[in-house]
Amino acid sequence: MNNQNPVYTLINECHDCYRCVRECPVKAIKIENNHASVIPEKCISCGNCVKVCPANAKCVRADLEKVKNLLIAQKDVYVSLAPSWRSVFENSAKKMIAILKKLGFKEVSETAIGAQEVSIKTAEMLNNMEHGLWISSACPVIVDYIRQYKPEYAKYITPIGSPAKTHAKMLKETYGKDIAVVFIGPCIGKKNEADEDDGLIDVSLTFEELKIWIADEIDDLTKIKKENDFEFVPYSAHEGTLYPINGGMNQTIKKIGVKPNVQLMEICTISAFDRALENLDADKLEMPVFVEALACESGCITGPCIASQKASISSISDVMYKVKTRESIPTKAQTVVECDYSSKEVRTSKYTIEEIQKTLKKIGKHTEEDELNCGGCGYSSCRELAVALLDGVAESSMCISYMRKIAMRKAAAMLRCMPAAIVMVDNNMNIIEANDSFMKMFTGEMYEIFKARPDGMTGAAIDRIVEFSDLFRTILKTGKDLHKEHYNVNNRLYDINAFTIEPNEIVGAIITDVTQTETNREKISEKAKEVISKNISIVQEIACLLGEHMVETETLLNSIANDYDDKNEGDK
């Protein structure tokens, strides 16, 4: 038994687009650190997330090595091949069998013969009931959905195994209990069936896995010979090959024959099935009603791992074209797998209105009008997101409107608080956004009027506000940014940085009034020159005074020296 969930996420590849949340019918996705991961205990392996993930971050568990290990162990391994193979592989039955035997399988059998047994048993049950409801057990995804999310209807699932399980039992009854059975088909949910400890299906492979295996092991498919003695064992299927298309099971039941009052219905997709069960009281049905329910749109031919790009019409045609009819169909099933589909309800937490409202306020939903229910987060309503937040499987950042409001508030706060004037203009030369500094700088007496408007200057023509609107036209045409220093407008000086926001669509500008700065700079310069001039005059005066003083001193000293010399001569 492989405990890894059949569907998992490559975290590093996840781009937090929430598309998987949006497409998951049971919201079995947890968002943590902006990355999505599958919640195994909630997952029903429908594969919707695998099909829609744009980054291929959702993956299907690979079980190919497990099959190879069975073959290495020299065990007789039989293939249970889903009837939808005809819509995927462009091979005849004989060549398909030859390819699978080349890979090492002992024999190849059609799952459809198990489907025929299921139809016979179902028809018998319908003919023996007076009124009430039975829901097909053929689709493992539908079965798990009912048991986990609609447990009150679990008792209405037909208590017989799926065609794959029934077929596996037939093969082991025919060829021995020691053989291994590998189911190959388009379904991820079949991996869950293989994981069950009932000893029927050993491994389940998808068509995608089989294609990869064939590509790795067989270089040239044209060299595979269509041996005449290669046939499906123990025999070829007939009406059971209709099972992969919507209504196929009901067609087989009609061929077997049921009472006229038996009503046969078919429903595809989880969402459609969920709506069909809404407000249904099955015990009050007056006729026997049988619902063939399939999780995939149009049936198994559009399964998540179908590995085919064919139009569904072509796929249906391929399946129907090969259907063989038989003259008589047994009224008693030879092989039946008895199953008890008891409830295994997913436990959900219950929260009070107060708790939900408190959580809603954390994502900016203060009133019912704030609850847009846009679905951008992946949940159908804001309250559903609030519950997910309380469950710890979602993050506040998933609410697009909330994050947009936060971003707008941050941007508005930055624009409002910046001292420089900021303006954004569209290609019609109308203002998209302008901050308070811009209004103060250029609107003059109109400032109070613009400030009182809810949208401020939004929609105003820029050429009626400033006299340098030609700069915006130039940038819209050329796409090149402009920088103007000391740009003179009406005797005022501006530093203008104009730039492209959206090429040919939106331009922006940051404008600084440097008039006062330049004026102050000139005054400071003049004052400095005046101080320097005064300092030079003072220095010159000091120099002159020092010069005169030095001359007088020198004269005095010379006079003293001469007098001293004359006195010395007299003494001699």
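At a glance:
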| quantity | calculated |
| --- | --- |
| Residue that is open to solvent by less than 80 Å² (accessible area, probe 1.4 Å), under 30 Å from LYS169 (Cβ atoms) and assigned to a loop (DSSP other than H, G, I, E, B), where the choices are SER343, SER349 | SER343 |
| Enumeration of residues in the stretch 111-125 that are open to solvent by less than 10 Å² (accessible area, probe 1.4 Å), of a type outside the set (Ser, Thr, Tyr) and in contact with a strand residue (DSSP E or B) (Cβ under 8 Å, 6 or more places away or on another chain) | GLY114, VAL118 |
| Pairs where the first residue, in the stretch 447-459, is without any contact (Cβ under 8 Å) to a residue 60 or more places away in the chain and the second is among the hydroxyl-bearing types (Ser, Thr, Tyr) and surrounded by 10 or more Cβ atoms within 10 Å (Cβ to Cβ), C-beta under 9 Å, 6+ apart | ILE449/THR443; PHE450/THR443; LYS451/THR443; MET457/THR443 |
| Among (1) within 30 Å of ARG19 (Cβ to Cβ); (2) crowded, with 20+ Cβ neighbours inside 10 Å - the single one ASN34 does not satisfy | (2) |
| Boolean, GLU266 is at pLDDT 95 or above, in contact with a strand residue (DSSP E or B) (Cβ under 6 Å, 6 or more places away or on another chain) and either open to solvent by less than 60 Å² (accessible area, probe 1.4 Å) or of a type in the set (Ser, Thr, Tyr) (or both) | no |
| Filtered residues of the stretch 390-445 (kept if under 30 Å from THR352 (Cα atoms) and among the hydroxyl-bearing types (Ser, Thr, Tyr)) | SER396, SER397, SER401, TYR402 |
| Strands (runs of 3 or more DSSP E) (entirely within the stretch 126-219) containing at least 2 residues that are among the small types (Gly, Ala, Ser), open to solvent by less than 10 Å² (accessible area, probe 1.4 Å) and under 25 Å from SER109 (Cα atoms) | 180-185 |
| Test: residue in the stretch 6-19 that is at pLDDT 95 or above, in a loop (DSSP other than H, G, I, E, B), farther than 23 Å from VAL203 by Cβ and under 14 Å from the mean Cα position of the chain (by Cα) | no |
| Subset of the stretch 57-88 [closer than 20 Å to GLU239 by Cα, at pLDDT below 95 and in a loop (DSSP other than H, G, I, E, B)] | VAL88 |
| The listed residue being closer than 30 Å to ASN69 by Cα and modelled with pLDDT of 95 or more, out of GLU117, GLU107 | GLU107 |
| For LEU415: the one exception among (1) surrounded by fewer than 14 Cβ atoms within 10 Å (Cβ to Cβ); (2) touching a strand residue (DSSP E or B) at 6+ places or on another chain (Cβ under 6 Å) | (1) |
| Those residues of the stretch 360-376 which are surrounded by fewer than 16 Cβ atoms within 10 Å (Cβ to Cβ), assigned to a loop (DSSP other than H, G, I, E, B) and more than 20 Å from the chain's Cα centre (by Cα), in sequence order | HIS366, THR367, LEU372 |
| Among residues of the stretch 21-63, those that are of a type in the set (Val, Ile, Thr), over 21 Å from ARG383 (Cα atoms) and touching a residue at least 40 places away in the same chain (Cβ under 8 Å), counted | 3 |
| Count - residues of the stretch 473-498 that are modelled with pLDDT under 90 and in a loop (DSSP other than H, G, I, E, B) | 2 |
| Every residue from the stretch 299-325 that is assigned to a loop (DSSP other than H, G, I, E, B), hydroxyl-bearing (Ser, Thr, Tyr) and open to solvent by 40 Å² or more (accessible area, probe 1.4 Å) | THR325 |
| Some residue of the stretch 341-353 being over 25 Å from PRO25 (Cα atoms) and basic (Lys, Arg) | no |
| Failed item in (1) closer than 25 Å to GLU345 by Cβ; (2) open to solvent by 40 Å² or more (accessible area, probe 1.4 Å), with ASN12 passing the rest | (1) |
| Within the stretch 388-472, helices (runs of 4 or more DSSP H) holding 3 or more residues that are under 37 Å from the mean Cα position of the chain (by Cα) and of a type in the set (A, V, I, L, M, F, W, C) | 400-417 |
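The values are calculated or read from the model by the stated rules, or taken from the named source; none is laboratory data. These numbers were taken from a predicted model, which means no experiment stands behind them. Glycine also receives a Cβ, built like all others from the backbone with ideal geometry; neighbour counts cover every protein chain displayed. These area figures cover heavy atoms from the full protein model, side chains too; ligands, DNA and RNA do not enter into them. Shrake-Rupley method; radii C 1.70, N 1.55, O 1.52, S 1.80 Å.
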